[in-house]
1. Give me the pairs, please: first residue somewhere in the stretch 155-166 and of a type in the set (F, W, Y), second residue anywhere and surrounded by 14 or more Cβ atoms within 10 Å (Cβ to Cβ) and in a helix (DSSP H, G or I), beta-carbon distance under 9 Å, and either six or more positions apart or on two chains.
2. Being surrounded by 23 or more Cβ atoms within 10 Å (Cβ to Cβ) and assigned to a helix (DSSP H, G or I) is the filter here; which residues of the stretch 168-193 pass it?
3. Got a number for residues in the stretch 63-87 being touching a residue at least 12 places away in the same chain (Cβ under 8 Å) and under 23 Å from G22 (Cα atoms)?
4. Quick one: would you say I3 is assigned to a loop (DSSP other than H, G, I, E, B), more than 20 Å from A217 (Cα to Cα), of a type in the set (A, V, I, L, M, F, W, C) and more than 14 Å from ligand 1 (Cβ to nearest atom)?
5. Provide a single number: the residues in the stretch 92-115 that are closer than 16 Å to L65 by Cβ and either of a type in the set (V, I, T) or without any contact (Cβ under 8 Å) to a residue 24 or more places away in the chain (or both).
6. Sort out which residues of the stretch 43-97 are more than 18 Å from L111 (Cα to Cα) and either of a type in the set (A, V, I, L, M, F, W, C) or part of a strand (DSSP E or B) (or both), and write them in order of number.
7. Quick one: in the stretch 85-106, of everything that is within 15 Å of ligand 1 (Cβ to nearest atom) and closer than 17 Å to A11 by Cβ, which residue is surrounded by the fewest Cβ atoms within 10 Å (Cβ to Cβ)?
8. As an exercise: evaluate S151 against (1) more than 16 Å from ligand 1 (Cβ to nearest atom); (2) touching a His at 6+ places or on another chain (Cβ under 8 Å) and give the number of the one condition it does not meet.
Amino acid sequence: MSILDNRPALAREVGQVAEVAGYLWQKGWAERNGGNITVNITEHVDDAIRALPAISEPKAIGATLPHLKGCYFYCKGTNKRMRDLARWPMENGSVIRILDDCAHYEIIADLPVMPTSELPSHLAVHNYLISKGSPYKASLHTHPIELVAMSHCKKYLEKDVATRLLWSMIPETKAFCPRGLGIIPYQLPGSNILAESTIKELGDYDVTLWEKHGVFAVEADIMQAFDQVDVLNKSAQIYIAAKNMGFEPDGMTDAQMHEMTVAFKLPK
Ligand code: 13P
Ligand code: ZN
């Protein structure tokens, strides 16, 4: 028995996570257990799910997150591989319930798979999204090679330098990632300070770059979160390909960027 049985909407949601996990592996962004995904699945929760007993002890979140009261999440398991999750999402991830104190959670299905070590960032971000009335339900952390490489250079860590460069590589990047790329200075993986710094930037950006580590993206569903990272990393690849051919790419001109911003009705 699985929590997904006879729940097509929930099964579809988790199936989409599995599909994206496969793409992350194929792209080389998910070495070993690299990266993690959480999805707020509360809208798919029925009385039978609410009545399910816990299959773990209550575990501390590490913060009190008042907007998560009564919420349920699908979480990738810590130390689990994306390439395994792609085939067996309920053996490499689990469903958790946030307890009424908003400071603890318990695992309820299918197996007691311990959630990702980046849970502090994921849950703090979901708490923030709900507090803002955001329709976003999915968060993705992954290790895209070219974007991480760029984060090793101080120049690209200055506010909006990488955003403008990446937008100018190909018109669609601004169209499909209109809020650009926020920058988070290096912090210890899995730490609360990393979670807090990420939230600060999500007011202005859907995708943030964790210096020398990876990206953290939010969107309505996990496919759209993946798409935003994919278009940004594609631009980084174009930039690097041009550099490898021995020249600095011109990039779209300011006039071309402006024309496209108006035509696609994008934010400035
Ligand atoms: P987990 O295996 O705990 O999800 O960690 C992977 C990772 O990328 C940490 O930043
Ligand atoms: Zn990571």
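1. Y156/M150; Y156/A162; Y156/L165
2. Residues satisfying the conditions are T173, K174.
3. So the count comes out to 14.
4. yes
5. Qualifying residue count for the region: 2.
6. Of everything in the stretch 43-97, those that are more than 18 Å from L111 (Cα to Cα) and either of a type in the set (A, V, I, L, M, F, W, C) or part of a strand (DSSP E or B) (or both) turn out to be A60, I61, A63, L65, L68, C71.
7. Residue satisfying both the conditions and the ranking: E91.
8. (1)
Any read-out appearing in this document is the output of simple, stated calculations on the displayed coordinates, not a laboratory observation. This one's a predicted model, so the numbers in the text were calculated from it and none came from an experiment. Note that each Cβ is placed from the backbone with ideal geometry, even for glycine, and that neighbours are counted across all protein chains shown.
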